[in-house]
Amino acid sequence: MEQVLLSKPQAGARRMPADLADRIFVHGGQWLLLVLLVLAVLLPLLAMLWRGFASEPGQGGGLTAAAELFTSANFRWLLGNSLAVSLTVAAIVVPLAYTFAYALQRTCVPAKGLWRGISLLPLLAPSILPGIALIYLFGNQGALRHLLTDNIYGFWGIVIGEVIYTFPHALMVLLSALALADARLFDAASSMGASPWRAFRSITWPGSRQGVFAAFCLVFTLCITDFGVPVVVGGDYQVLALEAYKAVVGQQQFGRGALIGMVLLLPALLSFAVDLWLRRRQREAMSGRAQVYQPQPSRRRDLAFLAVVLLICAALLGVFGMAMYSSLVKFWPYDLSLSLHHYTFSELPGGWQVYRNSLLLAGCTAVFGSLLTFTGAYLLEKTRQSPLTQALRLLSFVPMAVPGLVLGLGYVFFFNLPGNPLHGLYGSLTLLVACTIAHFLTTAQLTASAALRQLDGEFEAAALSLKVPLLRHFLRVTLPICLPALLDILRYLFVSAMTTVSAVIFLYSPDSLLAAIAVLNMDDAGNVGGAAAMSTLILLTSAAVSLLLAGASRGVLRRAQAWRTTAGH
Amino acid sequence: MATVSLQLRDIHKAFGAFQALDGVSLDVSAGELVCLLGPSGCGKTTLLRCIAGLERQDGGNIFFGNRDVSTLPPQARDYGILFQSYALFPNLTVAQNIGYGLAGNSRESLRARVAEMLELVGLKGSEQKYPGQLSGGQQQRVALARALAPAPQLLLLDEPMSALDARVREHLCGELRQLQKSLGITTVMVTHNQDEAMLMADRIAVINHGRVEQYATPQEIYRAPATPFVAEFVGQGNWLPYERDGEHARVGELSLRLHGVRPAERGRLFCRPEAVVVNPPVHEDNLFSAQMREITFLGNRCRLSFELDALPGHALLAELAPDAMPRLGAPHIWVALPPRSLQVFV
């Protein structure tokens, strides 16, 4: 037996100074991440603050201009409009989404997957699409114009458009808030004779009200910073986000744009801080010993919820179906015969080039973004904690609190500085990719971190003791196990990049025009049919890629079934 | 490369204000199995992680043989480690797991080594299975094979039995010890379970609050605990507060004869329950009258709870074979606390 130990297998001469490769991977990676985050997140934001307070002539910035702007009647009117719209939308969306989420998580409604898929449709298209559909439905020549006494353009048009646009965002937050429940609590409640309503008030509501608050904040922030819907159906009803957009893009008033950007940053920062604080207070709500709640069928309750779900899904399908249908109509409303002539995009300078740009942007964003965020999350989660990792954690949280509009403004101010050595990137697709990754960084990274935290914390220690370089371990063990999460991130980044308008609208050049922006431009130029066609194209592309990746994910899971189904981790 | 001795010199480690290791020194001879035993939070796992290089000690030195590894990264130290969770990679087969640390070998020699290791741990033919398809005990063996495959100088075991149920545990303890002996590999094992430590170790280091309280063979630890903590932590015991009375110790009204020690002014006497003699047939030293309170049946033994008549309200324990157990019906008994079995602590 002694022989077993003595016969040391050949270690191979290529083994370098033991941990050099690991150090390069870990520390090099962390510092690289820091540089990227500073360049892509921190400096643009600082540039925006600086622009807002610097008083350059003709830019509308500086403290005097700020005082003038904030006290003007016009600003107060814009602010009032923005607040009214955002609060109304949040007040409508959150109860709807809560009911929908409750139906999916806590009742026995049939065909849950189908309803869930339909409800997420708005995520797959630019936010302008609901606006366009509304014009075809209720505009001056709309199909259902006679149902309304008033014009759709204005307050209610914006509200309905935003409701559709923000619904899936709120729904996702509330689905996860209602996902887990401890069955023992409900057993205890019913054994004490509590009615279902009482059980809801004392168990379900306290467990999910933080999610309700988070959803409310999210919807409010999305609304107040969105200008896609107001641009299309706003009419004379103006809001702040639109004003910032016009100040920068239309009037080259960068200082004024920055000032409004800062105002728009406030609600996001505020709700982010409160949300973080609430989350810290409500940490150990679900203990490890809890039993997962499984809803029992109840005919009356299930039917009632099914009715609500059907109604919402029908509305969504109606809106998106209308947009698709209108993109095929030859000349609304005079010639209703179907044709594909809107899909030639002959009015766009580059025609289909715009779509190819978007595909390239979404592809690059998805591939580079998912690798970057996943590797970054690995370097944060599985290495020794240090001031550097703390700083990285903090920095990678920032994009979540910064609306795309504000980030885009920051990019303009930072990368458009004549003295910036990176100035050459301005207007290029590379910068658009960087901006899009930065914009959606936090969600992607949180997904990666959650997946990584489920892995045994000793995996890395085991690899080290076996003298396996960390990078090799990352590629051979960590990545394969987390492949489904990686595909999830890939899908999220692709779809987001395909549909985003808010950040990139300040950064494109004629060569790098994107499909989602072209929708806005075409609509602005009165080519609503073309806008609808391009939106439909984006929607179909996003849906196809999502389905493809979902299929790939399923394939991966099936191939790995031998170890996944039985693995005890 | 054969196995080596291990020396720890004055290891210190603090986490913020918490002193996890406070000057630990240990010598482990080549081929020896040493258990680090202590309650949770005592620093034993931290010590193991320092030996492994997974934590860096604040002060002190670690030697593998005469090689100072104190500042070396884990990859440069040459040890194998078995984790509490086994940390088997679920996406790799048993063969791939065992071969994980064998990079740089030809395919043939790698396959031969994996087969050799699987035979060693008695899992021949499981090459293509995944860890999730194995039982807990089998997973432990695969993890052990993986740790031993690169023929390390030293084997570290971090609570290796805690994920197993009690029946498998004792069996695997014996097997692991057998394997360790036949390989002759120096081994350090962390455990909070004294039975495991007793069963397996050549020597046990009892650790408390980051210090080694006693480092000795299992027999010594049990028979002659060096500190009250060791006495209390390992096995059961009776404690009697005393005051000095010449050569004797006075407990309440009783005077106890001691063996070969001159007691301090005041302190505590310690006595193992199985050393207490119940109803001796002939006269013994320190024989006192007592009342039985309770009998607990433990299978091969019985535990008897009693109170000395001169010390009411102070429950003491005795352990004896079930046949020797007096009837509860007549609660009055005589108990002897033999002087040799009494230990004195301040």
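The values are calculated or read from the model by the stated rules, or taken from the named source; none is laboratory data. Values in this document were obtained by computation on a predicted structure and should not be read as measured data. As a convention, Cβ positions derive from the backbone with ideal geometry for all residues, glycine included, and neighbour counts pool all protein chains shown.
Computed quantities for the displayed model
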| quantity | calculated |
| --- | --- |
| Some residue of region A:156-164 being crowded, with 18+ Cβ neighbours inside 10 Å, over 20 Å from A:Val501 (Cβ atoms) and without any contact (Cβ under 8 Å) to a residue 12 or more places away in the chain | yes |
| Whichever residue in region B:131-148 is over 24 Å from A:Val468 (Cα atoms) and not hydrophobic (A, V, I, L, M, F, W, C) and, among such residues, is farthest from the other protein chains (Cβ to nearest Cβ) | B:Gly137 |
| Residue count, region B:313-335 (criterion: free of Cβ contacts under 8 Å to residues at least 12 places away in the same chain and either farther than 13 Å from B:Asn279 by Cβ or touching a helix residue (DSSP H, G or I) at 6+ places or on another chain (Cβ under 9 Å) (or both)) | 2 |
| Per-region count, region A:359-404, residues touching a Gly at 6+ places or on another chain (Cβ under 7 Å) and farther than 26 Å from A:Leu429 by Cβ | 1 |
| Residues of region B:149-177 that turn out to be of a type in the set (D, E, K, R) and either at the interface with another protein chain (Cβ under 10 Å from one of its Cβ atoms) or farther than 18 Å from B:Glu196 by Cβ (or both), as a count | 1 |
| Candidate set from region A:426-449 (those that are over 17 Å from the mean Cα position of the chain (by Cα) and of a type in the set (A, V, I, L, M, F, W, C)); member that is farthest from the other protein chains (Cβ to nearest Cβ) | A:Leu431 |
| Search result, residues across region A:292-332 that are among the β-branched types (Val, Ile, Thr) and over 17 Å from A:Thr99 (Cα atoms) | A:Val292, A:Val319, A:Val329 |
| A:Ala497 being under 17 Å from A:Phe227 (Cβ atoms), under 20 Å from the mean Cα position of the chain (by Cα) and surrounded by 18 or more Cβ atoms within 10 Å (Cβ to Cβ) | no |
| Region B:183-211 - residue that is surrounded by fewer than 22 Cβ atoms within 10 Å (Cβ to Cβ) and hydrophobic (A, V, I, L, M, F, W, C) and, of those, nearest to B:Leu21 (Cα to Cα) | B:Met198 |
| Residue count for region A:502-516, restricted to those that are of a type in the set (Val, Ile, Thr) and surrounded by fewer than 24 Cβ atoms within 10 Å (Cβ to Cβ) | 1 |
| Every residue from region B:96-130 that is more than 11 Å from chain A (Cβ to nearest Cβ) and in a helix (DSSP H, G or I) | B:Arg107, B:Glu108, B:Arg111, B:Ala115, B:Leu118 |
| Residue that is farthest from the other protein chains (Cβ to nearest Cβ) [pool: residues in region B:69-95 that are of a type in the set (Val, Ile, Thr) and not in a loop (DSSP other than H, G, I, E, B)] | B:Val94 |
| Counted residues, region B:240-258 - those being in contact with a helix residue (DSSP H, G or I) (Cβ under 7 Å, 6 or more places away or on another chain) and either assigned to a strand (DSSP E or B) or within 19 Å of B:Ala318 (Cβ to Cβ) (or both) | 1 |
| The lone exception for B:Val188 - which of (1) among the hydrophobic types (A, V, I, L, M, F, W, C); (2) within 14 Å of chain A (Cβ to nearest Cβ); (3) assigned to a helix (DSSP H, G or I) it fails | (3) |
| Count of region B:268-295 residues which are at pLDDT below 90, exposed (fewer than 13 other Cβ atoms within 10 Å of the Cβ) and in a strand (DSSP E or B) | 1 |
| Residue in region A:357-367 that is among the hydroxyl-bearing types (Ser, Thr, Tyr) and assigned to a loop (DSSP other than H, G, I, E, B) present | no |
| Residues of region B:100-123 classified as without any contact (Cβ under 8 Å) to a residue 24 or more places away in the chain, of a type in the set (D, E, K, R) and over 20 Å from B:Gly174 (Cβ atoms), total | 4 |
| Test: residue in region A:40-57 that is among the acidic types (Asp, Glu), in a helix (DSSP H, G or I) and out of contact with any Phe, Trp or Tyr (no Cβ under 7 Å at 6 or more places or on another chain) | no |
| Residue tally, condition of a type outside the set (Lys, Arg), surrounded by 12 or more Cβ atoms within 10 Å (Cβ to Cβ) and closer than 22 Å to A:Thr500 by Cβ, over region A:344-356 | 8 |
| A:Gly410 vs. criteria out of contact with any Lys or Arg (no Cβ under 7 Å at 6 or more places or on another chain), in contact (Cβ under 8 Å) with a residue 40 or more places away in the chain, part of a helix (DSSP H, G or I) and under 17 Å from A:Val249 (Cα atoms) | yes |
| Top-ranked residue of region B:1-51 - restricted to ones that are within 13 Å of chain A (Cβ to nearest Cβ) and buried (at least 23 other Cβ atoms within 10 Å of the Cβ), ranked as farthest from B:Gly65 (Cα to Cα) | B:Cys50 |
| Answer from B:Gln153, B:Gln140 - the residue that is within 23 Å of the chain's Cα centre (by Cα), closer than 30 Å to A:Leu20 by Cβ and crowded, with 22+ Cβ neighbours inside 10 Å | B:Gln153 |
| Complete set of residues in region B:52-68 that are assigned to a loop (DSSP other than H, G, I, E, B) and either at the interface with chain A (Cβ under 8 Å from one of its Cβ atoms) or under 24 Å from A:Leu20 (Cβ atoms) (or both) | B:Gly53, B:Leu54, B:Glu55, B:Arg56, B:Gln57 |
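Residues checked against (1) in contact with a Ser or Thr (Cβ under 7 Å, 6 or more places away or on another chain); (2) within 10 Å of chain B (Cβ to nearest Cβ); (3) in a helix (DSSP H, G or I):
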| site | (1), (2), (3) |
| --- | --- |
| A:Ala451 | no, no, yes |
| A:Gly457 | no, yes, no |
| A:Ala463 | no, yes, yes |
| A:Val468 | no, yes, no |
| A:Leu471 | no, no, yes |
| A:Thr478 | no, yes, yes |
| A:Pro484 | yes, no, yes |
| A:Tyr492 | yes, no, yes |
| A:Met498 | yes, no, yes |
